[in-house]
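S.K.: Below is one structure. I have some questions about it.
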Amino acid sequence: MATKSLLARKDDLANTEKQLEFLSDGIFANGELPTFKDKIAKTGHFPLKPKKLEILQINVGYMCNQVCSHCHVDAGPDRKEIMTRDTMKQCLEVIRKTGAHTLDLTGGAPEMNPDFKWFVEEASKAGIKDFIVRSNLTIIRANKKYYDLPEFFKKYNVHVISSMPYYKREKTDKQRGDGVFDKSIKALQMLNEVGYGVEGSSLRLDLVYNPSGAYLPGDQAALEHDFKIALKEDFNIDFHNLFAITNLPVSRFLEYLIASDNYEDYMYALVEAYNPMAVENVMCTNTLSISWDGWLYDCDFNQMLGLKVASKVKHISEYNEDLLQNRNIIISQHCYGCTAGAGSSCQGTVA
Amino acid sequence: MQKTYYDPADLRKFGNITEWNEELGNKFFEYYGKVFEEGNLSSREKSLIALAVSHVVQCPYCIDAYTKSGLQKGVTKEEMMEAVHVGAAIKSGATLVHGVQMMNKYDKLSM
């Protein structure tokens, strides 16, 4: 269990170029496994192009109250990158004119941005009706100033998507840190109390499951079934859906794969599970990712690898949706994570 | 030539057995895939049975594969170990029940 980010540890992998080098070297350089480009070219998907833009995913900062061992953001308390109100204003300008209907707020812990609530209020005024907040749950219990978050979410009908790696304490705490499980359970109960996740409620509460180790997620529906029974029986917790998300070999998860000597097997498993049907619906085809400092990316993973969009327009300040829609999506071997099996996106499986 | 009988990386090459006999290889993998589909038994239950059998037949490839399969299906380590004990109990039971044969033979041969 890491206690500091790669960046704070001055680890080689904090350098995104090192990560990209690693992902192109070895088994991909010697031809043992096909590159993602070659693989999608064979199924007629190269170059990968955007479809209709539906979601603006804004990363409001890399600061987080947790240091999860699988985090692709390399987030943690030591990360100081936080979106300023000025950049948020630029985002609001875009929100007023975009064709996207959903605003997806992520981080770090997005709630730790001091202007988080202001931004949600202003985005609501700007016409956003479909809000998503990717909450790590424990933030709701981290400090008294966050206790009112469930009520705040309710006021703006925010769709809460929460990380919950497992319905048992041991695996959760191993991946996310001691005490995370109990705090997450308490936070889920608080969300249930204000009406989130209850059957028939319009206040959506979905959980995100991602494996605690070097293996792919199992069947989403079967896992959802197990989670529902266990959380209801043990803690009287209700939620709507479970999204099974594959860990991508980026940042701290890549560090873990290398350190545990699982990298090659994991990449083999991803490549073997390649599903052309999943490529049709990968999230980079309907999402645009914006970083804390206003740069534009095809997805949050590309953001963490420093791969800005391949377009004349690269920054929110010069946003032009028509130009951006004409771009080719940037790919590398980490993309296999989104096309394995039933596929993986921030909304779970896609095929 | 490798100096050990088992190489973990060989598991990835399992599919290659079709190269030397495509028809039988394909038939096997089709059958194998069908067996593990959701049926009257869930694929989770089948995975646990496979794990227990893997230990009984002492197949290191199978143990790797069905430990990972169990993790994917949310099987706990306690459940996995119980399954291994079920396999071990049957295996030791199968040894011990032959003790009856030994006793029968002993009695028959003895005056």
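The values are calculated or read from the model by the stated rules, or taken from the named source; none is laboratory data. As the structure is a prediction and not an experimental result, all values here were calculated from the model. Cβ: placed from backbone, ideal geometry, glycine included. Neighbour counts: every protein chain shown.
S.K.: Would you check which residues across region A:232-257 are touching a strand residue (DSSP E or B) at 6+ places or on another chain (Cβ under 6 Å) and in a helix (DSSP H, G or I) and list them?
M.R.: Pass one, region A:232-257, residues touching a strand residue (DSSP E or B) at 6+ places or on another chain (Cβ under 6 Å): A:239-246.
None; the set is empty.
S.K.: Failed condition for A:Gly348, given (1) away from chain B (no Cβ under 14 Å); (2) at pLDDT 95 or above, with all others met?
M.R.: Of (1) away from chain B (no Cβ under 14 Å); (2) at pLDDT 95 or above, only one is false for A:Gly348: (2).
S.K.: Only one of (1) surrounded by fewer than 21 Cβ atoms within 10 Å (Cβ to Cβ); (2) farther than 22 Å from A:Thr16 by Cα; (3) touching a residue at least 40 places away in the same chain (Cβ under 8 Å) is not met by A:Asn320, so which one is it?
M.R.: (3)
S.K.: If a residue has to be more than 23 Å from the chain's Cα centre (by Cα) and in a loop (DSSP other than H, G, I, E, B) to count, how many in region A:312-325 make the cut?
M.R.: Qualifying residue count for the region: 3.
S.K.: Is it the case that some residue within region A:189-199 is crowded, with 20+ Cβ neighbours inside 10 Å and over 18 Å from A:Asp238 (Cα atoms)?
M.R.: Within region A:189-199, none of the residues are crowded, with 20+ Cβ neighbours inside 10 Å and over 18 Å from A:Asp238 (Cα atoms).
S.K.: Take the residues of region A:258-283 that are buried (at least 22 other Cβ atoms within 10 Å of the Cβ) and assigned to a helix (DSSP H, G or I): which is nearest to the chain's Cα centre (by Cα)? Please lay out each step first, then the result.
M.R.: In the first step, residues of region A:258-283 are kept if they are buried (at least 22 other Cβ atoms within 10 Å of the Cβ); the result is A:266-267, A:270, A:279, A:282-283.
With the extra rule that they be assigned to a helix (DSSP H, G or I), the set shrinks to A:266-267, A:270, A:279, A:283.
Numbers: A:Tyr266: 20, A:Met267: 20, A:Leu270: 18, A:Val279: 18, A:Met283: 11 Å.
Looking at residues that are buried (at least 22 other Cβ atoms within 10 Å of the Cβ) and assigned to a helix (DSSP H, G or I), I get A:Met283.
S.K.: May I ask you to list the residues in region A:7-21 that are in a helix (DSSP H, G or I) and not β-branched (Val, Ile, Thr)?
M.R.: Correct list: A:Asp12, A:Leu13, A:Ala14, A:Glu17, A:Lys18, A:Gln19, A:Leu20, A:Glu21.
S.K.: Moving on. So which of A:Pro211, A:Pro249 is within 12 Å of chain B (Cβ to nearest Cβ) and buried (at least 19 other Cβ atoms within 10 Å of the Cβ)?
M.R.: Only one candidate passes the filter, namely A:Pro211.
S.K.: Have a look at A:Lys228, A:Lys186 and point out the one that is farther than 23 Å from A:Gly107 by Cα and part of a helix (DSSP H, G or I).
M.R.: Step by step, each of A:Lys228, A:Lys186 is checked, and only A:Lys228 is farther than 23 Å from A:Gly107 by Cα and part of a helix (DSSP H, G or I).
S.K.: Just name the residue that is surrounded by the most Cβ atoms within 10 Å (Cβ to Cβ) out of those in region A:284-306 that are polar (S, T, N, Q) and farther than 23 Å from A:Arg85 by Cα. Outline the logic, then answer.
M.R.: First pass over region A:284-306, keeping only residues polar (S, T, N, Q): A:285-287, A:289, A:291, A:302-303.
From the residues that got through so far, the ones that are farther than 23 Å from A:Arg85 by Cα too are A:285-286, A:302.
On the way: A:Thr285: 20, A:Asn286: 17, A:Asn302: 23.
Looking at the filtered set, the residue picked out is A:Asn302.
Here is a yes/no grid of residues against (1) touching a Ser or Thr at 6+ places or on another chain (Cβ under 6 Å); (2) of a type in the set (Phe, Trp, Tyr):
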| residue | (1), (2) |
| --- | --- |
| A:Phe253 | no, yes |
| A:Tyr268 | no, yes |
| A:Pro276 | yes, no |
| A:Ser291 | no, no |
| A:Asn302 | no, no |
| A:Lys308 | no, no |
| A:Ser311 | no, no |
| A:Asp322 | no, no |
| A:Gly343 | yes, no |
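S.K.: Going by the structure shown, is A:Leu223 hydrophobic (A, V, I, L, M, F, W, C) and away from chain B (no Cβ under 13 Å)?
M.R.: no
S.K.: Considering (1) of a type outside the set (Phe, Trp, Tyr); (2) closer than 30 Å to A:Arg96 by Cβ; (3) modelled with pLDDT under 95; (4) assigned to a helix (DSSP H, G or I), say which one A:Ile128 fails and leave the rest.
M.R.: Failed condition: (4).
S.K.: Any residue at all in region A:74-82 that is modelled with pLDDT of 95 or more, charged (D, E, K, R) and surrounded by fewer than 16 Cβ atoms within 10 Å (Cβ to Cβ)?
M.R.: Yes, some residue in region A:74-82 is modelled with pLDDT of 95 or more, charged (D, E, K, R) and surrounded by fewer than 16 Cβ atoms within 10 Å (Cβ to Cβ).
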